[in-house]
Amino acid sequence: MSTTLETDICILGGGIAGLWLNARLRQLGYTTLLVERGALGGGQSVKSQGIIHGGTKYALNGKLSSAAEAIADMPDRWRACLDGTGELDLQGVRVLSEHHYLWSPGSLISNLAGFFASKALRGRVEQIKGTQLPTVFADRAFKGKVYQLAELVIDVPTAIQRLAELAGDSLIADSSPHLQRASDGGIEAVRLQHHQVKAQRYILSAGEGTESLLSDWQQDKPAMQRRPLQMVLVKGAALPPLFAHCLGSSPKPRMTVTTHPCADGQWCWYLGGDLAEQGAGQAPDELIAKAKRELQELLPWISLEGTRWTTLPVNRAEPAQSGLVRPDTAFVQPVANALVSWPTKLALAPNLADQVIEQLQSQQVVPHASTPITDTLTKPKVSAPVWDICFP
Ligand SMILES: Cc1cc2nc3c(=O)[nH]c(=O)nc-3n(C[C@H](O)[C@H](O)[C@H](O)COP(=O)(O)OP(=O)(O)OC[C@H]3O[C@@H](n4cnc5c(N)ncnc54)[C@H](O)[C@@H]3O)c2cc1C
C-alpha cells in the first residue's frame, strides 16, 4: 500500500538547480522533498567545467550582451557562499582556481584589447604579464596575451556533496517517479514505487529529464532544447593546471580548458568550447586526433607524453529558443501548480532559486506542512566525479 508524504514543495531532480533551491527553501522554513532518479549531480552538473561565469565569455563579440549583464554578479554570490557569508554556507567546497583566464595564441586579441580595457569591463577583465602569468604560459615560447577574468572554477562534486548535506533528510531516491495529472490539469501527486508525494507546489528541475516529466504529465510546454557536446578528457600526472578560454576567430572560445583532480592524484584536462560543440557528432578517435593537433599548435611546449585520452558525449538541456540561441538567465515558468525550470548554467543556480522564491511569494505559497518522516526511505547517492568514471 502506498503511503502519502505531505510537503510544502516537491522538487524533481537533484542536480545543482534542485539542490541549491532545496537548501534555500528549507532555510525559508518550507518543508521540502527532493526526488532524484539517479545519482545527485550525475546529469549535467558533474559533467560541467565548474566555471562560475561572470559573463565575460559572452562579451567576446566586442559588446556586453544581456547575458553578460544578467550573470555578472554570480561570481560574487558564489564567493560569499564559499566564504560562509552568503545565502548558503558552502565552506569546504573545493575551489580549483580563483580565476579563469582568457588567452590568445597570437595577435588575435589586439582588435578586442580596447574593448577589454573599456569602462564596462573594468574590474572584470585584466591583462596580466610576467610573473602574474599562470605557470602554463610562463614559457619563452608563449607569444600570446593573457587576460585574468573575475570568475572562479569550483570542484562540482564537492559542491553537490555539500548541498546534499544541507538537504538534511529531504532527499528520496526513486528510479521512475510518475506525475499524476489532476482533473484541473495540475499535478495531483508524484507517484513513487512505495509512496506518493503531495505538495503545494512541484518544481521540475530534472535537467534533460524534465522533458519526459512534462510528457508524463501531458504538458507540451515549455519546450526543451538539447545542445549536444562531445568533451575531450586528457589525463596525466605532469599536466600543469590550466583554466582558460582560448580565443579563436569566432565570438565563441576556440577551446575552453579546465583541470580536475582524479582519485589517483593525477590531473585531467577537460576540453570544451568550440572543439566540443563542433565535435558533437564526430567519431571519438577523430575528435581526439583534432584535440591533440590543437594542443600541439596552441601549447607546443607542453609534453603530452604518457597521457590518456577519451571523450564524453553530453547534452546541455535548456528551454527551447529559436535558432539554438543561448538563453540569458535561469529559466523558471509557472505551469498550473508547478514551476518548470532550467538554470541554463551551473553558475546561475542562485538566480534560479531567486526566481522560484519570487514566484512562490507572489503566488502566496507559505510554509505550513510539518516535516515528513523519511528515515526509512532510500537516499540518493552523490555522483562520482566524471574524471574517475571516464578513466576507471
Ligand atoms: C560539458 C558541459 C560543461 C558545462 N560547463 C559549465 C560551466 O563551466 N559553468 C556553468 O555555469 N555551466 C556549465 N554547464 C551547464 C551546467 O552544467 C548546467 O546548466 C547545470 O548543471 C544544469 O543543472 P540542473 O540541475 O538543471 O541539471 P542536471 O545537473 O542535469 O541535474 C538534473 C538531475 O535530475 C535527475 N533526473 C532526471 N530525470 C528525472 C526524473 N524523471 N525524476 C527525478 N530526477 C530526475 C538527473 O538524474 C539529474 O541528477 C556545462 C554543461 C555541460 C554539459
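A few points about this structure:
- A single entry from ALA189, ALA206, ALA237 fulfils the requirement of being within 16 Å of the ligand (Cβ to nearest atom) and under 29 Å from ILE389 (Cα atoms): ALA206.
- For segment 256-267, the count of residues that are under 18 Å from PHE137 (Cα atoms), more than 11 Å from the ligand (Cβ to nearest atom), modelled with pLDDT of 95 or more and outside any strand (DSSP E or B) is zero.
- One residue from GLU211, GLU286 being within 12 Å of the ligand (Cβ to nearest atom) and either assigned to a helix (DSSP H, G or I) or farther than 22 Å from PRO385 by Cβ (or both): GLU211
- Inclusion of GLY272 among residues that are surrounded by 15 or more Cβ atoms within 10 Å (Cβ to Cβ), within 14 Å of the ligand (Cβ to nearest atom), farther than 25 Å from GLU98 by Cα and in the same structural domain as HIS100 (by TED's automatic domain parsing) is not warranted.
- Selected residue (criterion: modelled with the lowest pLDDT) from residues of segment 42-71 that are within 6 Å of the ligand (Cβ to nearest atom) and assigned to a loop (DSSP other than H, G, I, E, B): HIS53
- Residue count for segment 198-225 satisfying the condition of being surrounded by fewer than 21 Cβ atoms within 10 Å (Cβ to Cβ) and touching an Asp or Glu at 6+ places or on another chain (Cβ under 7 Å): 4.
- Residue match in segment 301-312 (condition: within 16 Å of the ligand (Cβ to nearest atom), at pLDDT 95 or above and among the β-branched types (Val, Ile, Thr)): yes
- Among the residues making up segment 118-151, a single one is modelled with pLDDT of 90 or more, closer than 19 Å to THR256 by Cβ and over 29 Å from the mean Cα position of the chain (by Cα): PHE142.
- Condition met for ARG201 (in contact (Cβ under 8 Å) with a residue 40 or more places away in the chain, in the same structural domain as SER370 (by TED's automatic domain parsing) and away from the ligand (no atom under 14 Å from the Cβ)): yes
- Cβ pairs under 8 Å, 6+ apart, first in segment 37-56 and within 17 Å of CYS262 (Cα to Cα), second of a type in the set (Phe, Trp, Tyr): GLN49/TYR270
- Qualifying residue in segment 356-378 (condition: within 30 Å of ARG79 (Cβ to Cβ), buried (at least 17 other Cβ atoms within 10 Å of the Cβ), within 14 Å of the ligand (Cβ to nearest atom) and in the same structural domain as HIS195 (by TED's automatic domain parsing)): yes
- Only one of the listed residues (GLU277, GLU294) is over 17 Å from ILE389 (Cβ atoms), surrounded by 15 or more Cβ atoms within 10 Å (Cβ to Cβ), within 15 Å of the ligand (Cβ to nearest atom) and assigned by TED's automatic domain parsing to the domain that holds LEU233. That residue is GLU277.
The values are calculated or read from the model by the stated rules, or taken from the named source; none is laboratory data. Computed from a predicted structure; not experimentally measured. Note that we place each Cβ from the backbone using ideal geometry, even for glycine, and neighbour counts take in every protein chain shown.
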